[in-house]
Amino acid sequence: MAFAAVAILTTLVIGIPMTLAVDRDARSGALIGLSYLYGCGAVWAVLFTLSLLHVRWTAMTTTVTLVAFSAVMWIVVLLRRAEAAPPGAAVDRGPLAMLAPIADLATVYAVVTFAMYATITRVWEWDFWAIWGLKGRVFLEAGGIDWRFLQSPFNDFAHPDYPLLLPLNYAYVAVTNGQWDDRWMALPGIVFGVALILIVRSLAARELPRFLAALLAFATAGVALSQYVGLADAPLIAYGTAAILFIRRGILFDEASGFRHGAILLGLAAGTKNEGLALIASVVIAMLIARASKWRDVLRLWPAVVIPLPWIVARFAFHLQTDIARGSFISRAIERIGDSGVIVASLLRWLPDPWLWLLMLVGMVMIPRTTRTAERFILAAVAIQAVWYLAAYFGTPLDVIWHIETSWPRVARHLEAPLLFVVMLTLAQAFERGETLAHAEARPELS
Amino acid sequence: MRPRTALTIACFAALVIASIRIPPLTLPFIDREPIRRSMTVLPDAGIWWPDYPRFLQAVRARTEQGDSIALFVPTFTWEGGYSYAYYRASYFLAGREVLPVIVPGDRRVPANVTRARYVAIWHGRPPAGVHVVFEGFGGTLVRR
């Protein structure tokens with residue numbers, strides 16, 4: 001456990017200058033959450049680069065390179081001028097402010113008990129030992145990315161095309177430890193969930209009184225701490241949701257740092273799972289559909305495309321196929337249009353957290369129309385991402401019902417956190433309006 | 001308080017409640033040992049527990065990085081258990097090259113036996129006259 005904790009702490013420390021280089025005014029929960037997310041991105045980038053340069057991963061080579069990377073980032077921080085700080089949480093003197101620590105304690109309790117569950121034994125999930133953990137372990141043995149393993153037709157089950165951010169972070173924990181030990185490999189995934197909770201808490205506090213922000217963070221714990229222990233869904237939820245929430249800040253409050261964080265986090269989401277690549281398209285289309293952004297804003301997201309590019313190039317160079325794209329995806333999708341009823345019924349049957357979804361829909365209906373208009377970026381991004389998932393099921397080369405049963409309860413949860421944030425935030429603002437608006441920022445009206 | 005405001009507050013509160021995952025919250029107050037035991041067995045449930053993972057660990061201890069190992073288990077159908085045995089062996093024997101003798105569609109690949117430096121046989125009898133490296137946990141490791 002100690003080595004996993006050391007690796008996580010090192011990752012977080014490495015991420016601090018990266019966070020400050022992007023946004024010198026990042027503070028408290030957002031600073032810690034972003035630092036872990038960026039630190040994991042740095043580990044991915046460093047181990048990937050060392051591997052391409054044929055430098056064997058050891059505790060020495062990885063640590064020295066990460067420290068050098070961190071030093072460069074500190075120089076960037078020192079050279080960077082501070083921007084006008086985004087409005088932080090005003091001092092909350094409302095009658096419920098004193099309840100905020102209680103809600104925060106409840107969140108801590110939820111995290112601790114989830115950690116007890118996730119670390120009750122070695123990571124047990126099939127997809128951990130057959131995909132994400134397997135690659136981490138194979139690459140550790142090889143001292144770098146084992147391209148021969150990925151290219152072997154016998155290893156198609158390990159999905160060689162999947163992005164490597166999580167396996168390389170597992171490998172980093174093992175490199176720090178000096179050997180593979182899956183007893184505590186659930187810890188990095190738990191910290192991804194905690195990072196998102198901290199970011200949500202911090203962003204919500206900029207627009208809501210403390211108690212309501214704390215309640216929103218508590219609710220987020222339920223969706224950010226993925227029960228699929230050891231899989232890449234927890235990091236994807238963290239990166240994807242944080243990206244959407246920061247881009248929302250960029251759009252609604254014209255925060256340059258919101259676009260910068262959003263772009264990098266979106267790129268790291270694409271480095272985590274193929275669904276992250278789809279999310280880039282969803283976000284761009286949503287920005288344009290929402291008519292909340294100009295092309296100039298969309299172009300600010302260029303890091304989202306640059307960050308996953310090396311992996312995409314490597315994937316093509318090493319001929320690592322995506323199973324879902326094998327054969328004719330489009331003809332399969334067209335053939336299945338006749339089965340739409342069965343597919344939709346199956347999606348509804350296997351929808352996770354149906355009560356939560358129902359309440360989010362009710363909440364959306366209750367939100368005042370002007371607010372809904374302002375928030376249409378998030379609503380559109382989530383809806384478009386859901387359409388990609390739906391399209392993937394229609395075009396899957398696998399048995400579609402089996403595919404839905406085995407993946408939809410997991411991937412549908414990718415969509416929950418951003419939707420939960422925007423619905424709870426706008427509901428809270430609706431009943432706050434006219435009472436204690438002193439802490440809430442003015443929301444621009446969008447046409 | 002206007003009815004709409006009350007409904008908004010109720011919806012917000014309901015969302016907080018609906019997002020709670022009850023089972024982990026009770027963990028500090030219950031006996032966790034049965035859960036730990038069932039989660040430990042889960043990846044190898046059925047005929048595989050406890051010997052198959054132990055056999056694979058023993059094979060790992062007796063082979064070197066880069067060695068190739070062909071795998072035999074008491075099923076010759078991919079969906080009937082061979083795929084699981086192969087995936088599991090790939091994890092435990094990471095760093096070695098695990099070679100399946102069955103592939104999807106239940107096609108046999110005898111060439112992988114010829115290619116392999118070792119043959120790992122679980123719940124099967126090795127042919128006579130081969131060099132047995134290890135026997136135990138229901139399996140035999142043979143050097144070719």
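Residues of segment A:143-165 being small (Gly, Ala, Ser) and in a helix (DSSP H, G or I), which ones? Quick ask: steps written out before the conclusion?
Taking segment A:143-165 first, the residues small (Gly, Ala, Ser) are A:143-144, A:152, A:158.
A:Ala158 - this is the single residue of segment A:143-165 that is small (Gly, Ala, Ser) and in a helix (DSSP H, G or I).
Looking at (1) assigned to a helix (DSSP H, G or I); (2) modelled with pLDDT under 95, can you tell me which one A:Leu415 breaks?
Here A:Leu415 clears every test but (2).
In this structure, does A:Leu105 turn out to be on the phi < 0 side of the Ramachandran plot, assigned to a helix (DSSP H, G or I), touching a Phe, Trp or Tyr at 6+ places or on another chain (Cβ under 7 Å) and more than 11 Å from chain B (Cβ to nearest Cβ)?
Values: on the phi < 0 side of the Ramachandran plot: yes; assigned to a helix (DSSP H, G or I): yes; touching a Phe, Trp or Tyr at 6+ places or on another chain (Cβ under 7 Å): no; more than 11 Å from chain B (Cβ to nearest Cβ): yes.
When the stated conditions are applied, A:Leu105 does not pass them.
Tell me which residues, restricted to segment B:54-93, are within 12 Å of chain A (Cβ to nearest Cβ), of a type in the set (Gly, Ala, Ser) and over 15 Å from the mean Cα position of the chain (by Cα).
B:Gly66, B:Ser68, B:Ala70
Within the set of pairs 6 or more residues apart or between chains, which connect a residue that is assigned by TED's automatic domain parsing to the domain that holds B:Pro104 inside segment B:58-81 to a residue that is exposed (fewer than 11 other Cβ atoms within 10 Å of the Cβ) with Cβ atoms less than 8 Å apart?
Here the result reads B:Trp78/B:Gly105, each pair linking segment B:58-81 to a residue that is exposed (fewer than 11 other Cβ atoms within 10 Å of the Cβ).
Consider A:Arg56 carefully, then state whether it is out of contact with any strand residue (DSSP E or B) (no Cβ under 6 Å at 6 or more places or on another chain), over 21 Å from A:Ile307 (Cα atoms), of a type outside the set (A, V, I, L, M, F, W, C) and modelled with pLDDT of 95 or more. Give the derivation first.
Values: out of contact with any strand residue (DSSP E or B) (no Cβ under 6 Å at 6 or more places or on another chain): yes; over 21 Å from A:Ile307 (Cα atoms): yes; of a type outside the set (A, V, I, L, M, F, W, C): yes; modelled with pLDDT of 95 or more: yes.
The answer is yes for A:Arg56.
Of everything in segment A:213-227 that's more than 8 Å from chain B (Cβ to nearest Cβ) and among the aliphatic types (A, V, I, L, M), which residue is farthest from A:Tyr109 (Cα to Cα)?
Start the filter on segment A:213-227 by keeping residues that are more than 8 Å from chain B (Cβ to nearest Cβ), which leaves A:213-214, A:216-217, A:224, A:226.
Add one more test, that the residue is among the aliphatic types (A, V, I, L, M), and what stays is A:213-214, A:216-217, A:224.
Details: A:Ala213: 17, A:Ala214: 13, A:Leu216: 15, A:Ala217: 12, A:Ala224: 14 Å.
By that ranking, first place goes to A:Ala213.
Check A:Leu168, A:Leu140 and return the single one that is within 12 Å of another protein chain (Cβ to nearest Cβ), farther than 25 Å from B:Val41 by Cα and assigned to a helix (DSSP H, G or I). Give the steps one after another, and end with the answer.
Values: A:Leu168 fails: within 12 Å of another protein chain (Cβ to nearest Cβ).
Going through A:Leu168, A:Leu140 in turn, the sole match is A:Leu140.
From the list A:Arg372, A:Arg296, pick out the single residue that is charged (D, E, K, R) and in contact (Cβ under 8 Å) with a residue 24 or more places away in the chain. Reasoning before the result, please.
Working: A:Arg296 fails: in contact (Cβ under 8 Å) with a residue 24 or more places away in the chain.
Answer to the selection: A:Arg372.
Would you mention how many residues in segment A:188-210 are at pLDDT below 95, part of a helix (DSSP H, G or I) and surrounded by fewer than 24 Cβ atoms within 10 Å (Cβ to Cβ)?
So the count comes out to 0.
Given the options A:Ala286, A:Ala278, A:Ala256, A:Ala290, name the one that is over 25 Å from A:Thr426 (Cβ atoms) and of a type outside the set (Asp, Glu). Step through it out loud before you land on a result.
Numbers: A:Ala286 fails: over 25 Å from A:Thr426 (Cβ atoms); A:Ala256 fails: over 25 Å from A:Thr426 (Cβ atoms); A:Ala290 fails: over 25 Å from A:Thr426 (Cβ atoms).
Result: A:Ala278 is the single residue among A:Ala286, A:Ala278, A:Ala256, A:Ala290 that is over 25 Å from A:Thr426 (Cβ atoms) and of a type outside the set (Asp, Glu).
Kindly check whether there is at least one residue in segment A:113-130 that is in contact (Cβ under 8 Å) with a residue 12 or more places away in the chain, more than 8 Å from chain B (Cβ to nearest Cβ) and on the phi > 0 side of the Ramachandran plot.
Checked segment A:113-130: no residue is in contact (Cβ under 8 Å) with a residue 12 or more places away in the chain, more than 8 Å from chain B (Cβ to nearest Cβ) and on the phi > 0 side of the Ramachandran plot.
For A:Val22, indicate whether it is at pLDDT below 95 and either closer than 24 Å to A:Ala270 by Cα or in contact with a Phe, Trp or Tyr (Cβ under 8 Å, 6 or more places away or on another chain) (or both). Before the answer, list the steps.
Details: at pLDDT below 95: yes; either closer than 24 Å to A:Ala270 by Cα or in contact with a Phe, Trp or Tyr (Cβ under 8 Å, 6 or more places away or on another chain) (or both): yes.
Criteria met by A:Val22.
Yes or no, residue by residue, for (1) in a helix (DSSP H, G or I); (2) within 21 Å of A:Trp124 (Cβ to Cβ):
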| site | (1), (2) |
| --- | --- |
| B:Tyr84 | yes, yes |
| B:Tyr91 | yes, yes |
| B:Asn112 | yes, no |
| B:Gly124 | no, no |
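Hey, B:Asp31 hits all of (1) assigned to a helix (DSSP H, G or I); (2) more than 8 Å from chain A (Cβ to nearest Cβ); (3) closer than 25 Å to A:Thr113 by Cβ but one; which does it fall short on?
Going through (1) assigned to a helix (DSSP H, G or I); (2) more than 8 Å from chain A (Cβ to nearest Cβ); (3) closer than 25 Å to A:Thr113 by Cβ one by one, B:Asp31 breaks only (1).
Kindly indicate whether any position in segment A:368-386 is buried (at least 22 other Cβ atoms within 10 Å of the Cβ), under 23 Å from A:Ala281 (Cα atoms) and of a type in the set (Phe, Trp, Tyr).
Yes: one or more hits.
The values are calculated or read from the model by the stated rules, or taken from the named source; none is laboratory data. Bear in mind the structure is a predicted one, so any value in this text is a computation, not a measurement. Here Cβ is always computed from backbone atoms with ideal geometry, including for glycine, and neighbour counts include all displayed protein chains.
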